[in-house]
Amino acid sequence: EAGVAQSPRYKIIEKRQSVAFWCNPISGHATLYWYQQILGQGPKLLIQFQNNGVVDDSQLPKDRFSAERLKGVDSTLKIQPAKLEDSAVYLCASSPGTENEKLFFGSGTQLSVL
Amino acid sequence: AQKITQTQPGMFVQEKEAVTLDCTYDTSDPSYGLFWYKQPSSGEMIFLIYQGSYDQQNATEGRYSLNFQKARKSANLVISASQLGDSAMYFCAMRPSNDYKLSFGAGTTVTVRA
């Protein structure tokens, strides 16, 4: 079974530039999550999709962050414009969407904003 | 809102010995799931073990066991017979049964010494 795919693996940009991350969840998984993990901290949920609808985006900085899930499969997370404090690892995860199922994580995208 | 506390930022353990990682949580939800994930230096989050709040027995998965004390809101992870490959960051996480949002603690770094 293929895992959660994320790209790129690393990204370095200057502040005020734009950046986009891509995630392909495990086939058939209804729920997709984007987490932000700042160095030395636990992951923080940014947005959660159920199929192609947003379930929770309460911690997404909507003035600069946006996300979409195309046709309920792939997802893209965008930051525009980036700030220094956005430097972090962005983790994508998916789950079948049933109660108490574990999440499967991708390897993450490490973003450095200079 | 859920809060997960991991008070040990870092721990050292001798190879072949056991180590206990502490996790306490705070929730008003009557039903929830508790998870432990391992994050090696490669960055991927690896699921280790799951405990449901109504499970009568403590969960075990190979060398991993969970010491679940519901009244104390504690879900400590025990790793037995530590191996060098166990060196990683370990995260405790919790999800209420009525939604799919998984919240993480700050993590504990484990270093296994030969």
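Within the range A:17-43, if we keep just the residues that are in contact with a strand residue (DSSP E or B) (Cβ under 9 Å, 6 or more places away or on another chain) and open to solvent by 80 Å² or more (accessible area, probe 1.4 Å), the residue that is farthest from the other protein chains (Cβ to nearest Cβ) turns out to be A:Gln17.
So is A:Val89 under 17 Å from A:Gln6 (Cα atoms), open to solvent by 10 Å² or more (accessible area, probe 1.4 Å) and facing another protein chain (nearest Cβ under 7 Å) or not? Spelling it out, A:Val89 is indeed under 17 Å from A:Gln6 (Cα atoms), open to solvent by 10 Å² or more (accessible area, probe 1.4 Å) and facing another protein chain (nearest Cβ under 7 Å).
Filtered by the rule that a residue be of a type outside the set (D, E, K, R), open to solvent by 60 Å² or more (accessible area, probe 1.4 Å) and at positive phi, the range B:25-80 gives a lone residue, B:Gly62.
Quick check on A:Ile26: is it touching a residue at least 60 places away in the same chain (Cβ under 8 Å) and under 22 Å from B:Pro40 (Cβ atoms)?
Criteria met by A:Ile26.
Could you list, in sequence order, all residues of the range B:84-97 that are open to solvent by less than 60 Å² (accessible area, probe 1.4 Å) and not in a loop (DSSP other than H, G, I, E, B)? Residues satisfying the conditions are B:Gly85, B:Asp86, B:Ala88, B:Met89, B:Tyr90, B:Phe91, B:Cys92, B:Ala93, B:Met94, B:Arg95, B:Pro96. Restricting attention to the range B:1-24, the residues that are open to solvent by 80 Å² or more (accessible area, probe 1.4 Å) and hydrophobic (A, V, I, L, M, F, W, C) total 2. A:Ala2 falls short on exactly one of the conditions (1) more than 13 Å from A:Gly108 (Cα to Cα); (2) open to solvent by 60 Å² or more (accessible area, probe 1.4 Å); (3) part of a strand (DSSP E or B), and that condition is (3). Scoring A:Gln48 on the criteria (1) part of a strand (DSSP E or B); (2) within 12 Å of another protein chain (Cβ to nearest Cβ); (3) open to solvent by 10 Å² or more (accessible area, probe 1.4 Å) leaves a single failure, condition (3). Counting the residues of the range B:2-23 that are more than 13 Å from chain A (Cβ to nearest Cβ), assigned to a strand (DSSP E or B) and modelled with pLDDT under 95 gives 1. Of the residues making up the range A:53-72, just one is buried (at least 16 other Cβ atoms within 10 Å of the Cβ), away from chain B (no Cβ under 14 Å) and aliphatic (A, V, I, L, M), namely A:Ala67.
For (1) in a loop (DSSP other than H, G, I, E, B); (2) modelled with pLDDT of 95 or more; (3) within 9 Å of another protein chain (Cβ to nearest Cβ), each residue gets a yes or a no:
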residue	(1), (2), (3)
B:Leu77	no, yes, no
B:Ser82	yes, yes, no
B:Asp99	yes, no, yes
B:Thr111	no, yes, no
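When the residues of the range B:38-54 are filtered to those that are of a type in the set (Ser, Thr, Tyr) and facing chain A (nearest Cβ under 8 Å), the one that is nearest to B:Lys70 (Cα to Cα) is B:Tyr50.
The values are calculated or read from the model by the stated rules, or taken from the named source; none is laboratory data. In this text the structure is predicted, and so the values were computed from the model without any measurement. Methodologically, a virtual Cβ is constructed for each residue, glycine included, from the backbone with ideal geometry; neighbour enumeration extends over all protein chains shown. Remember, those area values only see protein heavy atoms, side chains included, never the ligands or the DNA or RNA. Shrake-Rupley method; radii C 1.70, N 1.55, O 1.52, S 1.80 Å.
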